[in-house]
1. Using beta carbons and a limit of 6 Å, which pairs, at least six apart or on different chains, have the first residue in region 199-215 and in contact (Cβ under 8 Å) with a residue 40 or more places away in the chain and more than 13 Å from Ala161 (Cα to Cα) and the second one among the small types (Gly, Ala, Ser) and assigned to a loop (DSSP other than H, G, I, E, B)?
2. I'd like the residue in region 121-139 that is outside any strand (DSSP E or B) and under 14 Å from the mean Cα position of the chain (by Cα) and, out of all such residues, is nearest to Tyr74 (Cα to Cα).
3. Which residue is surrounded by the most Cβ atoms within 10 Å (Cβ to Cβ), if the candidates are limited to region 213-225 and must be of a type outside the set (Val, Ile, Thr) and at pLDDT 90 or above?
4. Filter region 193-210 down to residues that are surrounded by 15 or more Cβ atoms within 10 Å (Cβ to Cβ) and assigned to a strand (DSSP E or B), then give me how many there are.
5. Select from region 52-81 the residues that are surrounded by fewer than 15 Cβ atoms within 10 Å (Cβ to Cβ) and either part of a strand (DSSP E or B) or in contact with an Asp or Glu (Cβ under 6 Å, 6 or more places away or on another chain) (or both) and list them in ascending order.
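The values are calculated or read from the model by the stated rules, or taken from the named source; none is laboratory data. Quantities reported herein were computed from a predicted structural model and do not represent experimental measurements. Neighbour counts are summed over all protein chains in view; Cβ atoms, including those assigned to glycine, are modelled from backbone coordinates with ideal geometry.
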Amino acid sequence: MPDGANAPRPVSLLSRFLRFFFWHFYHGFAWTYDSVAAVVSIGRWDDWIRSVLPFVRGRRVLEVGHGPGHLQLYLRQADLGLIAGIDESPQMAHLASSRLRAAGYSSLNLARGLGQSLPFADGSFDTVVSTFPTEYIFRQSSMLDVKRVLATGGRFIVLPAAWIIGRKAADKLAAWLFRVTNQAPRQPAEVVGARLRAGFEAAGFSPVVETIEIRSSTVLVIVAE
């Protein structure tokens, strides 16, 4: 039996509720995703998503957890080459497909599946990217499978969190909402980045933690090679 210091912490009622809420938010209520994201970020969500684009390298890019397809569209508009995405939610797959078709793209390259069991051949991509993923992306099984589908010298980019740091009343309210819903860590970006680095290193990546200031907010991006 583990001692008190090492015993796993019980899952709080709030944590259980949030898992339940976000599962339904990402599935049955996926149609509300864009509106809610825009409100809680006070219009910064798209800017946060776009912040990973300068780190993308190569002509074959996979997004894990593509959600409603915003980054899929931005990657195509950047004319980077082969763009693919994977998500386990059929509702998000529908939203992403509709967004790409509306923008005139017929080759969607979207797959249904899990991050820890990617249906792609070894070395298929130059960059794998994931923005605001849940904890699955940091599991060793997910990281090792990402590493498998990356070409030699490939890059794994994760945007795990953003902090609203503005002093206006709306900024303070948004920052509070992010904290109480566990969408923004309570520790500073430097502390969170240092903690996350260990998991990447254990999977054989060499991670670099980047912080980007965007409109009174800080975005954390991990670039691992």
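1. Cβ pairs passing all conditions: none.
2. Phe132
3. Looking at residues that are of a type outside the set (Val, Ile, Thr) and at pLDDT 90 or above, I get Ala224.
4. Adding up the residues that qualify gives 3.
5. Within region 52-81, no residue meets the criteria.
A quick yes/no check of all residues on (1) at pLDDT below 95; (2) under 26 Å from Leu62 (Cβ atoms); (3) of a type outside the set (Lys, Arg):
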position	(1), (2), (3)
Ile137	yes, yes, yes
Ala170	yes, no, yes
Phe178	yes, no, yes
Asn182	yes, no, yes
Leu196	yes, yes, yes
Glu201	yes, yes, yes
Phe205	no, yes, yes
Thr211	yes, yes, yes
